[in-house]
Amino acid sequence: MAKETVSEGFGYEGMGTVLWVPTIANPSAPTVAELAAGTPITYDLFGPTGYSLTPTETRRTISRYTLDQELDAEGTTKYALVLLYVFNRETPTDAETTIGVRGTSGYIVHFLGYENGWTIAAGDKITDLVPVRTGKSFVVPATANTEAHKTTTPSITGEVLHEVAVVAA
């Protein structure tokens, strides 16, 4: 057997984008135009945990007659989306005017592996596409050497999709 080669990865720095997109007709096939109409909020998100989509899988227990071992299989998945964003009383940020407005339906679209600011094209892959309704925002208690920021946990209103290809139209 030949020695394996080391696969090249990429660093996260500068290689991601988070968009607020108000309308996507078919979440399984979002168009370039729909995504281009979105609002970039990547750099309004606070710190490395500003975007946190956490899946939790509830496994199914399987038992068989006389088998002295329990088996398990994939079950349902539950997601929690937490967003932290900076705010500014004098000049509201894009995050404040999108995800910071309670009761608005839309999509959080997360791209990884593309340089922030690139032009979205057909064939690009969306890392996570999350249908949401925005919720309450709360100010995070002040601490030394940090910017003022808020936290919000939008309601997930539909199927969370991963690795969705962007289509031309």
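Summary of computed values
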item: Exposure proxy ranking, count of Cβ atoms within 10 Å, fewest first, for Thr42, Thr97, Thr5; result: Thr5, Thr97, Thr42
item: Helical mean residue ellipticity (222 nm; -39500 (n - 2.57) per DSSP H run of 4+; nearest 500) of the chain; result: -1000 deg cm²/dmol
item: Contact order relative to length of region 1-101, as percent, for alpha carbon pairs under 8 angstrom and 6 or more apart; result: 24 percent
item: At most 14 other Cβ within 10 Å, DSSP loop - trypsin sites (Lys or Arg not before Pro), region 67-104; result: Arg89, Arg102
item: Likely footprinting exposure, Ile24, Ile62, Ile156, fewest C-beta neighbours within 10 Å first; result: Ile62, Ile156, Ile24
item: Test item: Cα-centred dipole of region 1-143, Lys/Arg +1 and Asp/Glu -1 on Cβ, debye; result: 480 debye
item: Residues Glu34, Glu163, Glu96, Glu90 arranged by fewest to most Cβ contacts within 10 Å; result: Glu90, Glu163, Glu96, Glu34
item: Part-to-part distance (alpha-carbon centres) for region 1-75 and region 78-112, which is given in Å; result: 18 Å
item: Taking region 16-165 and dividing mean pair separation by its residue count, relative contact order in percent (alpha carbons under 8 Å, at least six apart); result: 27 percent
item: Over region 1-159 - Rg/Rh using Cα atoms and the Kirkwood inverse-distance radius; result: 1.08
item: Positive minus negative residues near Phe111 (Lys, Arg vs Asp, Glu; Cβ under 12 Å); result: -3
item: Net charge contributed by nearby residues that have their C-beta within less than 15 Å of Phe138 (K/R +1, D/E -1); result: +2
item: Stretchable slack from Tyr12 to Thr56, in nm (0.36 nm times residue separation minus alpha-carbon distance); result: 13.5 nm
item: Length released on extending from Lys125 to Val140, taking residue separation times 0.36 nm less the Cα-Cα span; result: 2.1 nm
item: Region 3-66 - Kirkwood radius from inverse mean 1/r over Cα pairs (Å); result: 16.4 Å
item: Percent of beta bridges antiparallel (DSSP, the chain, rounded to nearest 5); result: 100 percent
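We did not get these values from a lab; they are worked out from the coordinates using the rules stated. As the structure is a computational prediction, the values presented were derived from the model and not from experiment. Virtual Cβ from ideal backbone geometry, glycine too; neighbours counted across all protein chains shown.
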